[in-house]
Amino acid sequence: MIESVTFRREVRPSDPDSVREIIESTGFFYDFEVPVAVELIEDKLHSGDSCDYEFLFAEVSGKTIAYTCFGPIACTEGSFDLYWIVTHHDFRGKGIGRKLIDETHRIIREMGGRIVIAETSSTEKYLPTRRFYESLGYANEGMIADFYKQGDGKVYFVKRFK
């Protein structure tokens with residue numbers, strides 16, 4: 001476990017490159033998903049507070065090594081989507097993801113959040129991701145079979161704050 005993790009919420013001009021590097025390091029995501037993640041960061045850089053996406057970055061020794069992207073769900077009271085949580089491959093298994101999500105949950109609660117929804121793949125490759133959500137108290141509340149492609153369903157995990 002790494003103790004010297006710091007967090008920041010502001011988006012910096014260097015973050016699109018950092019996010020690209022983090023996501024590509026994992027080997028988990030399709031090539032077409034990387035530009036989507038980068039685009040969300042760029043949208044926040046250009047739109048500022050009018051952007052619907054929130055970010056939290058984890059850093060070790062000044063290097064961005066993980067991040068979350070989340071935001072309130074339109075037309076709901078206190079429901080949030082967790083769009084991305086990604087830790088650089090070199091830092092996985094060191095407790096950073098748990099620290100990052102705990103801080104993200106704190107921020108969501110501070111913003112009036114009562115429910116967080118995370119979506120992930122049903123494939124074997126994503127079993128560690130699903131177990132991670134379960135270890136954080138998320139409940140598996142459904143799946144759409146063959147959502148991403150044949151044999152790759154979308155699994156919904158929900159965390160409720162009391």
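Bear in mind these aren't lab numbers, they're just calculated from the coordinates by the rules spelled out. Since this is a predicted model, take the numbers as computed values, not measurements. Glycine gets a Cβ as well: all are built from the backbone with ideal geometry, and neighbour counts include every protein chain shown.
Filter the chymotrypsin sites (Phe, Trp or Tyr not before Pro) in region 128-162 to those in DSSP coil with at most 16 other Cβ atoms within 10 Å of their Cβ, and list the result. Present the calculation step by step, with values, prior to reporting the outcome.
Values: sites: Phe132, Tyr133, Tyr138, Phe147, Tyr148, Tyr156, Phe157, Phe161; in loops: Tyr138, Phe161.
In loop regions of region 128-162 (DSSP not H, G, I, E or B), the sparsely surrounded chymotrypsin sites (Phe, Trp or Tyr not before Pro) are Phe161.
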Top of His46, His88, His105 by mean-square fluctuation, Gaussian network on the chain, Cα under 10 Å: His46
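Sort the chain into rounded, prolate or oblate with this rule: let a ≥ b ≥ c be the square roots of the eigenvalues of the Cα gyration tensor; rounded if a/c is under 1.5, and if a/c is not under 1.5, prolate when a/b is larger than b/c, oblate otherwise. Kindly include the intermediate steps, with their values, before the conclusion.
On the way: a/c = 1.28, a/b = 1.14, b/c = 1.12.
It is rounded, given that a/c, with a ≥ b ≥ c, falls under 1.5.
Mind scanning Lys125/Lys154; Lys63/Lys125; Lys94/Lys125 and naming the pairs with a C-alpha gap bigger than 25 Å?
Working: Lys125/Lys154 13 Å; Lys63/Lys125 27 Å; Lys94/Lys125 20 Å.
Correct reply: Lys63/Lys125.
For Cα pairs less than 8 Å apart in space and 6+ apart in sequence, what is the mean separation divided by the residue count of the chain, i.e. the relative contact order in percent? Could you put the intermediate results ahead of the total?
Working: 265 pairs, mean separation 30.4, N = 162.
Relative contact order of the chain: 19 percent.
Treat the count of other C-beta atoms within 10 Å as a stand-in for reagent exposure and order Cys75, Cys69, Cys51 from fewest to most.
Cys75, Cys51, Cys69
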Of Thr129, Thr104, Thr76, the one that fluctuates the most in a GNM where the chain has Cα springs shorter than 10 Å: Thr76
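When a/c reaches 1.5 or more, the comparison of a/b and b/c decides; with that in mind, is region 118-162 rounded, prolate or oblate per its Cα gyration tensor? Could you put the intermediate results ahead of the total?
Numbers: a/c = 3.69, a/b = 1.73, b/c = 2.13.
Oblate is the answer for region 118-162, as a/c is 1.5 or above yet b/c matches or exceeds a/b.
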Kyte-Doolittle mean at least -1.0, axial Cα span of 15 Å or more - DSSP H helices of the chain: 15-26, 33-47, 96-110
Among Ile23, Ile73, Ile96: highest mean-square fluctuation, GNM of the chain, C-alpha pairs under 10 Å: Ile73
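Rounded if a/c is under 1.5, else prolate if a/b is larger than b/c, else oblate: which is region 14-56, with a ≥ b ≥ c the root eigenvalues of its Cα gyration tensor? List each step's numbers first, then the result.
On the way: a/c = 2.53, a/b = 2.07, b/c = 1.22.
It is prolate, given that a/c is not under 1.5 and a/b is the larger ratio.
Which of the GluC sites (Glu not before Pro) across region 47-149 are loop residues per DSSP, with 12 or fewer other Cβ within 10 Å? Don't skip to the answer; put the middle values down first.
On the way: sites: Glu54, Glu59, Glu77, Glu103, Glu110, Glu119, Glu124, Glu134, Glu141; in loops: Glu77.
Answer in residue order: Glu77.
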Reach of Lys99 by Cα under 12 Å, taken over aspartates and glutamates that are not fewer than 8 positions away in the same chain: Glu3, Glu59
